[in-house]
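Worksheet for the structure shown next.
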DNA sequence: CTAACTCCGACCTGATTAGTCCTATATTAG
DNA sequence: CTAATATAGGACTAATCAGGTCGGAGTTAG
């Protein structure tokens with residue numbers, strides 16, 4: 001369905017949090033996970049991956065956490081998506097993928113590849129800094145994991 | 001990975017075949033499947049689906065098959081993709097999907113929705129007619145299902 | 001030193017997708 | 001009429017991948 005994985009969703013949320021909300025630009029995986037109510041371990045894995053690829057830097061220990069290793073304006077959505085979901089591809093096979101069973105007979109490969117390029121450029125144009133919604137456009141709704149009002153309340157800022 | 005499903009791939013191939021290669025614009029599921037070396041039953045199901053939605057018209061019987069029910073120039077890629085893969089969505093939840101666990105706390109929903117709209121317009125702009133590669137740009141390579149030369153040979157036109 | 005907190009990386013599981021099989025119905029050639 | 005060929009459509013199985021979990025190693029406060 002042309003969908004991003006949840007890992008990528010979580011990664012975008014985390015990076016956006018580090019870029020705009022985190023005090024001093026630093027936050028632990030736990031803090032971010034609780035902020036957005038997503039599984040801690042899963043987000044941790046995503047952040048680890050982003051650390052290995054140089055998007056964020058990790059600091060172990062008691063007051064450790066992650067912070068952006070590069071300025072938000074210099075990180076495009078395309079980079080993030082490719083980092084987590086792997087190389088952007090519309091079809092199963094690439095333009096030069098001779099492994100593909102249908103390589104010789106396929107007649108839509110090249111046109112679809114052009115479509116891919118266009119989509120890629122959309123993602124490449126938008127940076128992490130632009131991912132921030134307008135302040136007044138954020139509808140904060142109190143909503144617990146299960147029933148509304150149960151568990152740790154979500155802070156409306 | 002932001003990928004189209006194989007069903008959609010097959011659907012695009014089939015529609016493109018009907019639009020440009022099929023004699024008199026008519027071809028059976030079997031013919032198309034053999035042309036591109038893809039599973040017959042699977043392609044048949046995709047074509048049945050496209051028939052139900054009015055993209056192609058079916059003719060049963062000995063010299064039956066499918067033909068386009070609408071002109072190729074009037075069918076956008078977006079339509080085809082949504083017909084087979086379902087509504088286009090970048091993220092798991094929609095812009096107004098209050099069912100989403102993170103609806104209240106999510107800060108990337110609206111910006112990502114704008115990205116989705118851009119991608120959608122790319123797909124909406126391109127029609128089936130434009131999916132055809134230039135004649136001289138089609139590299140026809142003889143390639144059987146297993147080893148080269150085995151099984152039914154692929155006809156180079 | 002020790003305990004609390006953090007990142008790290010391998011593992012498991014369940015949902016989605018791809019592909020197969022079988023039966024029914026319609027049309028046409030002979 | 002009958003056989004061959006075509007679509008129609010449901011049910012089933014297999015493979016793949018995303019989502020989620022577990023135990024371990026490093027770092028720092030006290």
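Numbers for the structure displayed
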{"item": "Shape call, the range A:1-68: gyration tensor on alpha carbons, a/c limit 1.5", "result": "prolate"}
{"item": "Cβ nearest the rotation axis (A onto B), residue from chain A and distance to the nearest whole Å", "result": "A:119, 3"}
{"item": "C-alpha center-to-center spacing [the range B:20-48, the range A:1-73] in angstrom", "result": "47 Å"}
{"item": "Sequence of A:130, A:41 once ranked by neighbouring C-beta atoms within 10 Å, starting from the fewest", "result": "A:41, A:130"}
{"item": "Rg to Rh, two decimals, where the range A:6-137 supplies the alpha carbon set and Rh follows Kirkwood", "result": "1.08"}
{"item": "Approximate spin-label separation residue A:7-residue B:63, in nm, with each point projected 7 Å along Cα-to-Cβ", "result": "5.4 nm"}
{"item": "For B:32-39, mean number of other protein chain Cβ atoms within 10 Å", "result": "2"}
{"item": "Förster radius 25 Å - calculated FRET efficiency between residue B:125 and residue A:103 (Cβ-Cβ, nearest 0.05)", "result": "0.40"}
{"item": "Shortest-first distances to equivalent copies, position residue B:113, nm, label 7 Å out along Cβ", "result": "3.6"}
{"item": "Nm distances between copies for residue A:48, ranked from closest, using label points 7 Å along Cα→Cβ", "result": "4.5"}
{"item": "Shortest-first nm distances, residue B:24 label point to equivalent points in other copies (7 Å, Cα→Cβ)", "result": "7.9"}
{"item": "Average beta-carbon neighbours from other chains, 10 Å sphere, peptide A:6-15", "result": "3"}
{"item": "Peptide B:119-125 - average C-beta neighbours from other chains (10 Å radius)", "result": "4"}
{"item": "Simple spin-label estimate for residue B:95 and residue A:42 in nanometres, 7 Å along Cα-Cβ", "result": "2.5 nm"}
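Any read-out appearing in this document is the output of simple, stated calculations on the displayed coordinates, not a laboratory observation. Small disclaimer: the values here were computed from a predicted structure and weren't measured. Positions of Cβ are backbone-derived with ideal geometry, glycine not excepted, and every protein chain shown enters the neighbour counts.
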